[in-house]
Amino acid sequence: MLYSEKVMDHFRNPRNVGEIENADGVGEVGNAKCGDIMKMYLKIENGIITDVKFETFGCGSAIATSSMATELIKGKKVEDALSLTNQAVVEALDGLPAHKIHCSVLAEEAVRAAIKDYYDKNGIAYEPDQFCSGDCSCCHEHDHQEPAE
C-alpha cells in the first residue's frame, strides 16, 4: 500500500478543518508546482495554542499533513510549535511516499507563517532565521526582503 493507515485516516477524517474568526495568527503558504495551498489559523492565549484550524486546497497528502500538523501543535507553547519539523509530521503519519514529502514541508511552513504573523501582530521580537532556513518557498518568493509599508 502506498499510504499508511494514518495518512488515509487524516485524509478521510481531517481534524481541525475550518477557519478561526479573528485568529491571533494566520499563515498561508503554497507551492505553485504541485498546486497545494495551505492556510493555518491560530488562537493563542498566554503563549499557548488553544485552537488551530486549517484550510487546504490540494492532494490527499497535503490534507493529511495539515491535519496532523494541527494535532501536533494544539495545546503546545508557541515556542514548541515553532520547532515542529516536517520530519515529525511524516513520522506521526507513519511515513509518506518520497514524492509527497513536500506536503509535510508545506505543513511546517504554514505553522511557521501563522506564528510569524502572530509575532508581527503583537510586536514580539524574533530572529528571522527562526522562520527561514533558507530552503523554503518564503525565501525564494521574497529574497529576504521585508515587505514595504
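What follows is calculated from the coordinates using simple rules that are stated; it is not laboratory data. This structure is a prediction, so every number in the text was calculated from the model and none was measured. Quick reminder, even Gly has a Cβ in these numbers, built from the backbone with ideal geometry, and neighbours come from all protein chains shown.
Some notes on this structure:
- Most mobile listed residue (Ser67, Ser104, Ser83) in the chain, GNM with C-alpha springs under 10 Å: Ser83
- Simple label model, 7 Å out from Cα along Cβ direction - Ala32 to Asp80, nm: 3.8
- 25 °C / 0.890 mPa s Stokes-Einstein diffusion coefficient of the chain, Kirkwood radius on C-alpha pairs, µm²/s: 161
- Ala98/Glu71 FRET efficiency (R0 22 Å; Cβ-Cβ; nearest 0.05): 0.45
- Sparsely packed loop sites in the stretch 21-57 (the trypsin sites (Lys or Arg not before Pro) outside DSSP H, G, I, E and B with at most 14 other Cβ atoms within 10 Å) comprise Lys33.
- Cα-Cα separations in the stretch 1-47 greater than 13 Å, expressed as whole percent: 70
- Net length gained if the chain between Ala125 and Glu21 were fully extended (0.36 nm per residue, minus Cα distance): 35.0 nm
- Rounded tilt (10° steps) of 101-121 against the dominant C-alpha axis of the chain: 20
- Degrees between helix 60-73 axis and first principal axis of the chain (Cα, 0 to 90, nearest 10): 50
- Once the Cα-Cα distance is subtracted from the 0.36 nm per residue extended length, the Leu2 to Asn46 segment shows a gain of 11.7 nm.
- When its C-alpha radius of gyration is set against 2.2 N^0.38 Å (N residues), the stretch 30-116 gives a value of 1.00.
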